[in-house]
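Asks: My questions will all concern the structure given below.
Please treat every number below as a calculation from the coordinates, not as lab data. A quick note: this is a predicted structure, and the numbers were derived from the prediction, not measured. Note that each Cβ is placed from the backbone with ideal geometry, even for glycine, and that neighbours are counted across all protein chains shown.
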Amino acid sequence: MENEQEMKLEIQMSDDVASGQYINMAVVNHNESEFVIDCIYIQPQAAKARVHSRLITSPHHAKRLLLALQNNIDRYEQTHGAIDLIGADNQLMNQSKH
């Protein structure tokens, strides 16, 4: 039997990153080798929106992110109830491009 060594990864974060960025829209695009996720904040009644962050990742990591989000949403809904997607704030929900 092989001895498996557990590798510990220390993740560091600057104060700016730790404070986070609020977004209320994400636009997802992809090509053969990568997914691009633009994280956007739209101010109410504003004609322009600003991309706060762009995430670029491989298809494998994009699927892992999808599964991690789904797992967390499932746990959230078990505790707090279903997330209702019907409403004015979801009108831009299907803005992703292929």
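Asks: Just rank 11, 23, fewest to most, by other beta-carbon atoms within 10 angstrom. Don't skip to the end; give the middle numbers.
Replies: On the way: 11 4, 23 16.
Starting with the residue having the fewest Cβ neighbours, the order is 11, 23.
Asks: Multiply the residue separation of residue 28 and residue 72 by 0.36 nm, subtract the distance between their alpha-carbon atoms, and state the gained length in nm to one decimal.
Replies: 13.9 nm
Asks: What net charge is computed for the residues neighbouring residue 40, neighbours being all others with C-beta under 13 Å from the C-beta of residue 40, Lys and Arg scored +1, Asp and Glu -1?
Replies: +2
Asks: Now a separate question. Give a quick list of trypsin sites (Lys or Arg not before Pro) in the range 25-82 that DSSP marks as loop, anything other than H, G, I, E or B, with at most 14 other Cβ atoms within 10 Å.
Replies: 48
Asks: How would 76, 22, 41 line up from fewest to most surrounding beta-carbon atoms within 10 angstrom? It would help to have the intermediate numbers written out before the result.
Replies: Working: 76 12, 22 7, 41 15.
Ordered from fewest to most neighbouring Cβ atoms within 10 Å, 76, 22, 41 come out as 22, 76, 41.
Asks: Give a residue-ordered list of calculated ³J(HN,Hα) values for the range 26-32 (Karplus: 6.51 cos²θ - 1.76 cosθ + 1.60, θ = phi - 60°; whole Hz; x for Gly, Pro).
Replies: The phi angles translate into 9, 10, 10, 10, 8, 10, 4 Hz.
Asks: Arrange 13, 25 by Cβ neighbour counts within 10 Å, fewest through most, would you?
Replies: 13, 25
Asks: Past the 16 angstrom mark, what percentage of all C-alpha to C-alpha distances in the range 19-82 do you count?
Replies: Numbers: 1223 of 2016 pairs.
Distances greater than 16 Å cover 61 percent of the Cα pairs.
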